[in-house]
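Below: one structure, written as structure tokens.
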Amino acid sequence: MNDNRKEVIIVIIELSQMKRFFMMDMGIGTLSYYLVKMINGNIIIDLIGSTIITEGVKRVYKGMNNKEKKQSNKFQDIDFENT
């Protein structure tokens, strides 16, 4: 028997995630590329530098969000009614 079923994968992306991608990767990547290009001038070093800067900014942004979530969870754990 030959089973010819085709699978369809549907991916749902939130609009806020798309906006964050365009802002972070494209905006900051372009700005950092031209910044490094003004300083250096070698295209390979410019590309590597802009990639490093963009990834660094994303990690800092992600770290800031994680700290905010941890602090908000601390306040949720406190039972104010019984104190």
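Full extension from VAL8 to ARG59: what is 0.36 nm times the residue separation minus their Cα-Cα distance, to one decimal in nm? Don't jump to the answer; show the numbers that get you there.
Details: separation 51, 0.36 × 51 = 18.36 nm, distance 3.31 nm.
Gain on stretching VAL8 to ARG59: 15.0 nm.
For LYS62, the accessible surface of its heavy atoms amounts to roughly 130 Å² (probe 1.4 Å, protein chains only, rounded to the nearest 10). The simple Förster model, with R0 at 35 Å and r as the Cβ-Cβ distance, assigns ASN66 and ILE45 a FRET efficiency of 0.65.
With each label modelled as a point 7 angstrom along the Cα→C-beta vector, the ARG20-ILE52 pair spans 2.6 nm.
The values are calculated or read from the model by the stated rules, or taken from the named source; none is laboratory data. Predicted model, so just to flag it, every value in this text is computed and none were measured. As a convention, Cβ positions derive from the backbone with ideal geometry for all residues, glycine included, and neighbour counts pool all protein chains shown. The protein model used for the area step is the full one, side chains on, heavy atoms only, and it has no ligands, DNA or RNA in it. Shrake-Rupley method; radii C 1.70, N 1.55, O 1.52, S 1.80 Å.
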